[in-house]
1. Keeping to the range 70-86, report how many residues are at pLDDT 95 or above and loosely packed, with under 10 Cβ neighbours inside 10 Å.
2. Give 105, 101, 89 a once-over and let me know the one that is without any contact (Cβ under 8 Å) to a residue 24 or more places away in the chain and touching a helix residue (DSSP H, G or I) at 6+ places or on another chain (Cβ under 7 Å).
3. Can you tell which of 24, 8 is surrounded by 14 or more Cβ atoms within 10 Å (Cβ to Cβ), modelled with pLDDT of 95 or more and under 29 Å from residue 61 (Cβ atoms)?
4. Looking only at the range 2-37, which residues are in a loop (DSSP other than H, G, I, E, B) and out of contact with any strand residue (DSSP E or B) (no Cβ under 6 Å at 6 or more places or on another chain)?
5. Return the only residue of 78, 14, 70 being closer than 30 Å to residue 100 by Cβ and more than 19 Å from the chain's Cα centre (by Cα).
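The values are calculated or read from the model by the stated rules, or taken from the named source; none is laboratory data. A quick note: this is a predicted structure, and the numbers were derived from the prediction, not measured. Glycine also receives a Cβ, built like all others from the backbone with ideal geometry; neighbour counts cover every protein chain displayed.
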């Protein structure tokens, strides 16, 4: 994954061969803001413009521009993996959540 930092906000960068342009999409915003360009320098400039328009709009509407994360999400796994992780958690005296969080952070 290619990520560009623009004024403290992260954007995922991809290339679209159908239109022969790079595409950036901010991933930490509470709404959509994307941008396109044929080269990296122009892509950064377009990203700065797109971000500023988004931030101005949020300011006008009194909205928080950054997406908030609760720290909770559901993961579907097989019963066998669930049992294995639960056993591991019990054997080290941790909660299942703590064991999974440790593994994800590694």
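1. If we filter the range 70-86 for residues that are at pLDDT 95 or above, which is where we start, we get 76-86.
After this cut, where a residue has to be loosely packed, with under 10 Cβ neighbours inside 10 Å as well, the list is 76, 78-80.
Result for the range 70-86: 4.
2. Numbers: 105 fails: touching a helix residue (DSSP H, G or I) at 6+ places or on another chain (Cβ under 7 Å); 101 fails: touching a helix residue (DSSP H, G or I) at 6+ places or on another chain (Cβ under 7 Å).
Matching residue, one of 105, 101, 89: 89.
3. Numbers: 8 fails: surrounded by 14 or more Cβ atoms within 10 Å (Cβ to Cβ).
After applying the criteria, what remains is 24.
4. So in the range 2-37, the residues in a loop (DSSP other than H, G, I, E, B) come out as 7-8, 17-20, 27-28, 30-33.
Correct list: 7, 8, 17, 18, 19, 20, 30, 31, 32.
5. Numbers: 14 fails: more than 19 Å from the chain's Cα centre (by Cα); 70 fails: more than 19 Å from the chain's Cα centre (by Cα).
Only one candidate qualifies: 78.
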